1. Over region 148-264, what is the mean sequence separation of C-alpha contacts under 8 Å (at least six apart), divided by residue count, expressed as relative contact order in percent?
2. Using each residue's phi in region 138-145, evaluate 6.51 cos²θ - 1.76 cosθ + 1.60 at θ = phi - 60° and report the 3J(HN,Hα) Karplus result to the nearest Hz, with x for Gly and Pro.
3. Got the relative contact order for the chain handy, in percent, Cα pairs under 8 Å and 6 or more residues apart?
4. Can you give the calculated 222 nm mean residue ellipticity of the chain, where each DSSP H run of n ≥ 4 adds -39,500 (n - 2.57) and the sum is split over every residue, rounded to the nearest 500 deg cm²/dmol?
5. Residue by residue through region 266-282, what is 3J(HN,Hα) from phi via Karplus (6.51 cos²θ - 1.76 cosθ + 1.60, θ = phi - 60°)? Round to whole Hz and write x for glycine and proline.
6. Before anything else, pin down the relative contact order of region 213-308: Cα pairs under 8 Å, at least 6 apart, normalised by residue count, whole percent.
7. I'd like the distance separating the alpha-carbon centroids of region 40-80 and region 149-170, in whole Å.
Amino acid sequence: MQTNKTKSMVEGALLAAINIILSIIALYMPILGTFATLVWPVPIVILGIRHGLRTSVLSTVVAGIFVAILSGPFQAVTIVVSFGLIGIAMGWALKKNDEPFKVLGIGCAASLLSKIALVFLSMLMIGINPLTQEIEILRESLSMASEFYKSMGMDPQTIKDTIDSFNRSLDMLPLVIPGIFILASIFDSFLTYVVTKAVLSRMGQKLKDFTPFWRWRFPEYTVAFFLFGNLLALLETYWPVGVLRSIGANLSLVFGFVFFVQGFSLLSFYLGKYNAGKAFRLFIAFFVLFNPFFLQILFFAGLFDILFNFRKIY
């Protein structure tokens, strides 16, 4: 019993130290910092799996205290809230031996909650809305880009049309922030699961695999939600209350992303069915991903696969 307790304390201290190092990298090394923030929850998840919820929470608090000493309380709160909650939640779910997609859902909820909390904490602690600030920075960048291309001798009308197009996109951006947060939360939790699985595999501990990607199939109601979102956006024209367009845009963004994933799953199925080589599969995937025409085809292929189940695998 004493040996297990000592082992838990040693592992907790070691992984907390790793979190502190990742925090410093994230704060002071811009390029490596992006990678560091993405993998920050992983040590917390591992602690939760191996030693339980209490140890993972304590390790997160300890890491937060050291970051506060080194970089200040706001940076500590930012790091801990942004990435600590998802690590604690996913570690708790994996400790219970939940199924991978349930763990992913719990991680998504935790990540989404942390993002919302971080916005409110930023407004409370430093009086700045980070979302509007980022949009303003993007607008300033567009203005600088415009001046640069003018100095290069490009056609002023072409520059104006391009900048106007980007500005319209920025005007739309505040409306779809909830959808962006949801998609970012899905990415965070999926990446955390994959990296944690890889690390634990090296440590001799296995996590459950997701259903093979070529077998993924989303429920039919996703199509209904997507169509409902488009309907709300259309109703805004006739009933301009403001909120309909925002709800519609977010539904369309999130469930439109679902159709792209479904389309890639369908593509993966047929490439496997005809025994395409790994290199060829990667080439096709990148070709489709960066070709707007084929990406649009994939979108509709995913939508109709959800409705008609082309693969007949369920």
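1. Working: 69 pairs, mean separation 32.6, N = 117.
After rounding, I find 28 percent.
2. Coupling constants for region 138-145: 5, 5, 5, 5, 5, 5, 5, 5 Hz.
3. Details: 331 pairs, mean separation 41.4, N = 314.
Relative CO of the chain lands at 13 percent.
4. Computed mean residue ellipticity for the chain: -27500 deg cm²/dmol.
5. Along region 266-282, the couplings run 5, 4, 4, 4, 6, 5, x, 4, 9, 6, 5, x, 4, 5, 5, 4, 5 Hz.
6. Values: 98 pairs, mean separation 34.5, N = 96.
RCO, region 213-308: 36 percent.
7. Result: 45 Å between the Cα centres.
Quick note: the coordinates plus some simple rules give every number you see, no bench work behind them. Keep in mind that this is a model prediction, so the values were computed, not measured.
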